[in-house]
Amino acid sequence: MRDNYLPRIIDDALKLSLATSGAVLIVGPKWCGKTRTAEEVAASILYMQDPDHSEEYILLSKTKPSKLLEGDVPRLIDEWQMAPVLWNAVRFAIDKRRARGQFILTGSVVPPLTKDMHSGTGRISRLKMYTMSLFESGESTGEIALKDLFAGKSGMFSESPITIERLAFVLARGGWPEAIGVEDEQYALKTVYNYVDSVVHQDMSQIDGIQRNPDRVYALLRSIARNISTQANTQTLVGDLKSNNEDISEKTINEYLNALKSLFVVEDLPAWGPHLRSKRAIRTTAKRHFTDPSIAVAALRANGSRILQDIKTFGYLFESLCIRDLRIYAESLDGSLYHYRDQHGVKVDAIILLRDERWAAVEIKLGAGEIEEAAEKLIAFSQNIDTDKTPPPSFLMVMTGTQYAFQMGNGVWVVPIGCLRN
């Protein structure tokens, strides 16, 4: 392992994918560490953005793309989307070589497949990467593991080292690898502020060649930030923008949202639809989230100190921080993350659903005052699940910003974010 590399949860998944597929496509937000992680296992590397050779590489891709694939394997092709023809070239090379672990493709944008591009099914596996969780950045002890909770392990106890002030700091700093270890708040926040500026002024227009108004992009990011961790629909965003003197149509917002999703800036949390004992209509609107909560902080032009002064906003942002970490942990266990809400207002902040149909329900509370009530609501929710059609939950958990991790007398786990891992 090279110097200064902080191990990532995705490392093992990448090695497994290389052992079972001809190529691996790693996608995720810009600056989340995709290239650095791929470099750890790559035997040769082609940097498409190398300013000394970029134009030459693109020209060569138009005449003889196979030359760009020559090199020891696995060969990393960084920012491959600069020459989309490489996708079919990789697929053809895999078929010809009939070997696994040949290529790693990385990129912050995945262009849509055209009629001339092979789907890659059976040849190219896909891995999603995020910014760093608190366990990866070394701020969570990791003494309470999701896999242990799913396995029914009991008697676990842990203490989180993260104070409320530290929570505000790491939330504003985000999980950007370049900012990890930087303790000066002004410098730590510079990474995410630069990231947002890049999205607003460059990425949103470069992704598909459509010029987009930077002021409108920034206004939309601020609106999403004001509605973080809620089920705000497009009409709500339109109303929010208008109330803040920004006039933008619903059609334009949807176009901008699609671009932000393609750039892995926005990733909403979909709704879960279990089988219930009672006849309740389940609301299917997704919850608004950025791929990293620090994007919301930057869009609001805030910092850790300001977050501490607004406990309501702090609560919403903390929920988004927990959702980021839960996504990372759940996906490493071959699972997915959802939320639940029905027409009677019964809600669960996060549902972890594994591929084998095991699941768990999680409520997110910043402080200790609401833990008991949240636990009771989780129990009531689980008792309304039709266990003839949906299995009972593997565990119920209140995820907090508090100090101690333990199992309550009613069986519900209380786990601070500073104790959790995958």
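When Gln206, Gln235, Gln202 are screened for being more than 23 Å from Cys32 (Cα to Cα) and of a type outside the set (D, E, K, R), only Gln235 passes. Where strands (runs of 3 or more DSSP E) fall entirely within the range 314-422, those with at least 3 residues that are within 23 Å of Ile164 (Cα to Cα) are at 359-365, 395-400, 404-407, 413-416.
Check whether at least one residue in the range 194-202 is polar (S, T, N, Q), under 21 Å from the mean Cα position of the chain (by Cα) and farther than 26 Å from Leu353 by Cβ, and report yes or no.
yes
Determine which member of the set Glu357, Glu370 is under 25 Å from the mean Cα position of the chain (by Cα), of a type in the set (D, E, K, R), assigned by TED's automatic domain parsing to the domain that holds Ile295 and surrounded by fewer than 23 Cβ atoms within 10 Å (Cβ to Cβ).
Glu357
Taking only pairs six or more apart or across chains, which ones have beta-carbon atoms under 7 Å, a first residue in the range 204-229 that is at positive phi, and a second residue that is of a type in the set (Ser, Thr, Tyr)? Every condition considered, the pairs that remain are Ser229/Tyr316; Ser229/Ser320. Hey, among the residues in the range 1-35 that are of a type in the set (Lys, Arg) and not in a helix (DSSP H, G or I), which one's modelled with the lowest pLDDT? Per the criteria, the residue is Arg2.
In the set Gly142, Gly209, Gly175, Gly181, only one residue is surrounded by fewer than 20 Cβ atoms within 10 Å (Cβ to Cβ) and at pLDDT 95 or above; that residue is Gly142. In the range 231-270, of all residues being assigned to a loop (DSSP other than H, G, I, E, B) and among the charged types (D, E, K, R), the one that is nearest to the chain's Cα centre (by Cα) corresponds to Glu267.
Does Ala172 meet the test of being in the same structural domain as Ile323 (by TED's automatic domain parsing), free of Cβ contacts under 8 Å to residues at least 40 places away in the same chain and touching a helix residue (DSSP H, G or I) at 6+ places or on another chain (Cβ under 9 Å)?
Criteria not met by Ala172.
Criterion applied to Leu86, Leu14, Leu59 was being farther than 22 Å from Ile207 by Cα and in the same structural domain as Arg100 (by TED's automatic domain parsing), and the one residue passing it is Leu14. Taking the range 354-374 as the range and being more than 24 Å from Leu308 (Cα to Cα) and small (Gly, Ala, Ser) as the test, the residues that pass are Ala360, Ala361.
Within the range 213-225, the set of residues being in contact with a Phe, Trp or Tyr (Cβ under 9 Å, 6 or more places away or on another chain) and not aliphatic (A, V, I, L, M) comprises just one member, Arg216. Suppose we filter the range 175-203 for residues that are in contact (Cβ under 8 Å) with a residue 24 or more places away in the chain, farther than 19 Å from Asn4 by Cβ and not β-branched (Val, Ile, Thr); how many remain? The number of residues fulfilling the criteria is 6.
Residues in the range 256-297 that are among the small types (Gly, Ala, Ser), within 16 Å of Trp31 (Cβ to Cβ) and touching a strand residue (DSSP E or B) at 6+ places or on another chain (Cβ under 9 Å): none.
When restricted to residues that are part of a strand (DSSP E or B) and touching a Pro at 6+ places or on another chain (Cβ under 8 Å), the range 283-295 contains 0.
The values are calculated or read from the model by the stated rules, or taken from the named source; none is laboratory data. All values derive from a computational prediction rather than experimental measurement. Cβ sites come from the backbone with ideal geometry, for glycine too, and all protein chains shown count toward neighbours.
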